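Here is the structure we will look at.
The values are calculated or read from the model by the stated rules, or taken from the named source; none is laboratory data. What you see is a predicted model; the values in this text were computed from it and never measured. Cβ sites come from the backbone with ideal geometry, for glycine too, and all protein chains shown count toward neighbours.
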Amino acid sequence: MNVNEYIFFAGFVILQFVVLATAWNILGGYAGYVNFGVPAFIAVGAYSAVVLFKSISAPLVVQIIGGGILAGLLGLMVGLLTLKLRGIFFSIATVAVVFILETVVMNWRYVGGATGLQLTRPPDLWIFDTYTRMLFFVMAVLAVCSVSIARYIQDSFLGRGLRAVRDSEEAAECSGVPTLKIKLIACTISGALMGVAGAPMPMYLSYIEPTATFNLNYSISALGMPIIGGTSHWIGPVIGALLLATIQQIVTVTVSNELNVLVVGVLLVLFVVLAPDGILGLIKKWKQSSK
Amino acid sequence: MISIDLLFEAVLFGILLGCFYAAVSLGLSVAFGLLDVPYVAHPALLILGSYFTFLLSKTGLDPIICGLLLMPVFYLIGIALYRFYYETFERRSSDTGVRGLAFFFGIAFIIEVCLILVFGVDQRTVSATYIGSSLEIGEYRFPYRMLVAFGIAIFLTTLLTLYFSKTFNGRAIKAVGQDEGALRLMGANPVKIKQLAFGIATAVNALAGAMLIIVGPVEPAMDRIYIGRTFCVVVLAGLGSMSGTLVAGLILGIAESVVMMTLGASWAPAVSFGLLLLMLGIRPQGLFGR
Amino acid sequence: METILEVNNVVKQFGGFTALSGVNVKVHKGERLGLIGPNGSGKTTLINCISGAFTDYQGAIHFNGQDISKLKAHERTKRGIARSFQIPRPFSSMTVMENLLVPFAFVGGKDGPEQQEEAMTILRGMGLADKAFVQSNQLSQVELRKMELARAMAAKPKLLISDEAMAGLSGNEVDEVLDILFGLNKLGITIIMIEHIMQAVMKFSERIICLDAGKIICEGTPETIVKNPEVQRAYLGD
C-alpha cells in the first residue's frame, strides 16, 4: 500500500475513534455511567454487517443501519438489566456482555467462528478511486453525524436531564427528571453509535474474527479519549480522539502495538488524577488565568 | 448422554476449583464488598502477584513461601493505593464515580501492558514437588496442585472470617462499610480502617496470585477473564458477606467445571460472566448480601 | 378543611428492621405541619415514602384524592410534591440558574427566557439573585439550603417537604430560612417541616406530629406537644 492510501487507511481508524469516543461520552460523560464493554457493541455492529452481507448481499448503508439498530437494542437490554443498580454494576455488566457475546460468536460457524471469515468487497466504488477511500468518506460522514447527535443531545432537555442525573440522581428524580427513562435513551443511542462505528469494519479489513473484534483495548481508548479531551462538551471526545488516535497510529507504526495501549492508559490515569476536566478544562483554566 | 461418573468427577473438580475462586475473590470481597471501592484493578493485581511469585520462585523458594513473603509488600502497595484513591477521588465530591472507575481501569491496563512488555505474552509457570502429580483415590485423580490451592483457600477464608468477627480492627472494618459515623463516635478513624482493609485485601492478592500460578500457567491477559470470575463470586455472595464468598465460589467452580466438561473449555468465560449477569438481573443483592 | 395528603397505614421494612409500623397522617391544604422525633424514629423514611424515593412499602398514600402509592418519585414531583434534602444535593456542575431550570424543564415543560425570569423571581425572594450565575459548588451552606428550596419551588409544588433545611445553620440563618418558608406558605403551599431545632418547629407549625421507633406517639398543637410526657421520654430516654 502506498503512502497516500495509508493516510486514508489510518484516517478511517482515527475517524472511527471519533465516533466511538463521541458515542461513549453520551452515556459516560453526560450521564456518568461508565461503559467498559465497548467492543461488544462494535462487534454487534460488525457481525450484523457480516450476516446482512452474507445472507442478502446487503449494501454498506443497510449493513450500517442494521448494525446500529442491533447495537442499540443491546444497549437497551443491558440498560434495562442494570441501570436501576449502582454505576459500577452497569460497568461490570458491560464487561460481561463482551465475553458472553465473544463466546457465542466463537461457536457460530456461519460468521466464521473462532477462525474468522474472509470477505470479498463488492465492486461498487461509487465515485471513489479505491474502496479504502470510499470507506474513509463513509466513516467521515458517520463521524459528522454522531457529533451532530451528541451536540443536539447536549443542548436539549435530554442533555440537561443527563447532567442532572450525573450530578445527583436523587435530586434529579425529585426535580421531575424521569431518570431511568433518560438513562435508557442515552444507553441505547450510545450503543447504536458504537455499532455504527463497527459495521464498516468487516469491509475495511476484508476479514473478521472474534479475538481482535472483541478486544477490550477498544474500551480503554473509547473511554480514555473523552476523559482526556473533556467530557462535558461534545468537542472533548473529538479532540481526544483526533489527538490520541493519531498518536496511536504513529506509535503502532514506529514502535509497537502494546505501547500504544500503554500510552492511552498512562495518559488516562494522569488526566483523571491531575486534570479531571480534560484538555477542555485545561484550556478553560488557562484562559481564565491569562485574563 | 454424559456418564454419571464423569459428571461426579467434574463436580469434585469443581469443588476444588470453586474454593480456589473463592480465595482469589476474597480481596475483592473486602475492597469492593465492604469498602465500596470500585476496585476493577483487583484481577490485575492478582496476576501481578502471580508474576512476582514467578520471579521470586526463580531463587529456588517454594511458590507458597514466595506468596507469603510477598504479602507484606502487597500490603504496603494496598495501603498506598487506597490512600491515593481516597485523597484524589473519595474526598472531593462531583462525579467521583466515573473518575474512580476510570482510574482503576487505567491502572489495570497499565499493569497488564507492563507485564507484557517485561515478560512477553507467553505463559509462565512455576515448579514445585506437588505440581505435576496427582492423588489417586479409587478411580478419581486429584491433582496435588489443586489440593494445595484448596488448602490455602480454606486457610485464607477461615483466617479472614475469624479476623473480621473476632478482632477489634476486623469488626471495625465490617462496620465502616455500613456506618462510618458510628465508627467515628467510637474514636476510630474511618480512613485508617479502610486503609487497613485495603492493605489486607491486596496482601491476600499476593498469596492468591501464588495460588493462581501453582494451579496453572499464567499470562498477562488473564486479568480480563478473572474480572468475570472474581466479580461473579462477590456479586453472587452479596456485598459484605465474607462467608458467602465460599459458597459463591463453590457454585461458580462447579458450574464452570460441568460446563467445561459438557460444552468444552471455550465456554468457560461465559459461565462466570453469564452467572454474573443473571444475578444482577434477578437478585442484585446476592445470596447473602445486606 | 381539604385534605391534600393522606398516608394510610404505611409500613416500611428494611430486611428484618421495621422502620415504619403503620403510620397514619392526614395533611390539610395550606397547613404548616411539623414532624419531629429522635434520630432513627423514621421521619426521613416517612418522607422518602411520601416523595417516592421508596415505592416498596405497604399501605397507601393519596395525594389530592389520587392514589400515588405506585408512582415513581419524578411522577409525584409532577403531581405537585417537592422536597429538599437533609444534606443538600446541588447539581454541582451547574450554576444556580441552571439548577432551577431542571425542574422548570421537566415539570413545567419549558426552560426558555420566561422561565429564567420566573427563576430570578424565586431567587430574589430567597436573597440569592446575585448568585444566579455562580456555579452551585461554590455556595455557602445556607445558600445551598436556600437553593434547595428554590429548586423545589421551581417545580411549582402544592406540597413542599423541608427535610432539616436548617440543620447546622446559625441563629440568623435559621430565621432567614424560616421567613422563606413562611412566605411560601402564604402563597398557598402546604409545608411539612422536619426539624431538630425545636424553636423553629414551634414557631412555624400549626400542628406537630411526633414519631418514635416508626410509630406516631403524639399529635397536636405546639403547646400540647411540648407538655406531652411521651414526647419528652422519646427525646430524653427513660
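Observations on the structure shown:
- Matching residues in the range A:235-255 - criterion: being out of contact with any Phe, Trp or Tyr (no Cβ under 9 Å at 6 or more places or on another chain) and buried (at least 21 other Cβ atoms within 10 Å of the Cβ): A:GLY236, A:VAL238, A:ILE239
- Selected residue (criterion: surrounded by the most Cβ atoms within 10 Å (Cβ to Cβ)) from residues of the range C:62-109 that are on the phi > 0 side of the Ramachandran plot and more than 10 Å from chain A (Cβ to nearest Cβ): C:GLY80
- The set of residues in the range A:18-36 being within 20 Å of A:LEU180 (Cβ to Cβ) and outside any helix (DSSP H, G or I) consists of A:GLY29, A:TYR30, A:ALA31, A:GLY32, A:TYR33, A:VAL34, A:ASN35.
- Helices (runs of 4 or more DSSP H) within the range A:98-189 that include 1 or more residues in contact (Cβ under 8 Å) with a residue 12 or more places away in the chain and within 14 Å of chain C (Cβ to nearest Cβ): A:131-155, A:157-167
- Some residue of the range B:83-101 being within 22 Å of B:VAL40 (Cβ to Cβ), surrounded by fewer than 23 Cβ atoms within 10 Å (Cβ to Cβ) and touching a Leu at 6+ places or on another chain (Cβ under 8 Å): no
- Residue that is farthest from the other protein chains (Cβ to nearest Cβ), among those in the range A:223-275 that are outside any helix (DSSP H, G or I) and under 30 Å from A:GLY161 (Cβ atoms): A:TRP234
- Leading residue by the ranking (nearest to A:ASP167 (Cα to Cα)) among those in the range C:126-150 that are more than 17 Å from the chain's Cα centre (by Cα) and among the small types (Gly, Ala, Ser): C:SER136
- Residue within the range C:39-47 that is farther than 18 Å from C:ASP163 by Cβ, in contact (Cβ under 8 Å) with a residue 12 or more places away in the chain and of a type in the set (Lys, Arg) present: no
- In this entry, C:LEU123 is excluded by the filter for residues that are under 13 Å from the mean Cα position of the chain (by Cα) and closer than 19 Å to A:SER175 by Cβ.
- Annotation note: of A:SER55, A:SER156, A:SER148, the sole residue that is under 16 Å from the mean Cα position of the chain (by Cα) and not basic (Lys, Arg) is A:SER148.
- Of all residues in the range C:151-176 being in a helix (DSSP H, G or I) and surrounded by 22 or more Cβ atoms within 10 Å (Cβ to Cβ), the one that is nearest to the chain's Cα centre (by Cα): C:ALA152
- Some residue of the range C:182-190 being modelled with pLDDT under 90, assigned to a loop (DSSP other than H, G, I, E, B), touching a helix residue (DSSP H, G or I) at 6+ places or on another chain (Cβ under 9 Å) and over 18 Å from C:GLY40 (Cα atoms): no
- Check on A:VAL50, in contact (Cβ under 8 Å) with a residue 40 or more places away in the chain and either more than 18 Å from A:MET139 (Cβ to Cβ) or not in a helix (DSSP H, G or I) (or both): no
- For beta carbons closer than 7 Å, sequence separation of 6+ or different chains, a first residue in the range B:252-280 that is under 14 Å from B:PHE13 (Cβ atoms) and a second that is modelled with pLDDT of 90 or more and polar (S, T, N, Q), the qualifying pairs are B:LEU252/B:SER272; B:GLU256/B:SER272.
- Scanning the range B:114-123 for residues that are touching a residue at least 60 places away in the same chain (Cβ under 8 Å) and within 7 Å of another protein chain (Cβ to nearest Cβ) returns a single hit, B:ILE116.
- A single member of C:ASN228, C:ASN185 is of a type in the set (S, T, N, Q), surrounded by 15 or more Cβ atoms within 10 Å (Cβ to Cβ) and closer than 23 Å to C:LEU20 by Cα, and it is C:ASN228.
- Enumeration of residues in the range A:103-145 that are loosely packed, with under 15 Cβ neighbours inside 10 Å, among the β-branched types (Val, Ile, Thr) and under 21 Å from the mean Cα position of the chain (by Cα): A:VAL141, A:VAL144
- Helices (runs of 4 or more DSSP H) contained in the range C:56-131 and holding at least 2 residues within 20 Å of C:LEU181 (Cα to Cα): C:96-103, C:113-126
- Output for the range B:234-272, where each listed residue is within 11 Å of B:SER25 (Cβ to Cβ), within 12 Å of another protein chain (Cβ to nearest Cβ) and either hydrophobic (A, V, I, L, M, F, W, C) or surrounded by fewer than 21 Cβ atoms within 10 Å (Cβ to Cβ) (or both): B:VAL234, B:VAL235
- Pairs, first within 14 Å of B:LEU280 (Cβ to Cβ) in the range B:218-241, second among the aromatic types (Phe, Trp, Tyr) and at pLDDT 90 or above, C-beta under 8 Å, six or more apart: B:GLY228/A:PHE99; B:GLY228/B:PHE273; B:CYS232/B:PHE273; B:VAL233/B:TYR21; B:VAL235/A:PHE89
- Every residue from the range C:204-225 that is touching a residue at least 24 places away in the same chain (Cβ under 8 Å) and loosely packed, with under 15 Cβ neighbours inside 10 Å: C:GLU206
- Any hit, the range B:60-77, residues being within 14 Å of chain A (Cβ to nearest Cβ) and either surrounded by 22 or more Cβ atoms within 10 Å (Cβ to Cβ) or in contact with a Leu (Cβ under 6 Å, 6 or more places away or on another chain) (or both): no
- Conditions (1) touching an Asp or Glu at 6+ places or on another chain (Cβ under 6 Å); (2) hydroxyl-bearing (Ser, Thr, Tyr); (3) within 14 Å of chain A (Cβ to nearest Cβ); number of the one not met by C:SER41: (3)
- Test: residue in the range C:23-36 that is of a type in the set (Asp, Glu) and out of contact with any Ser or Thr (no Cβ under 6 Å at 6 or more places or on another chain): no
- The residues of the range C:214-238 that are under 20 Å from the mean Cα position of the chain (by Cα) and not in a strand (DSSP E or B), listed by number, are C:GLY214, C:THR221, C:PRO222.
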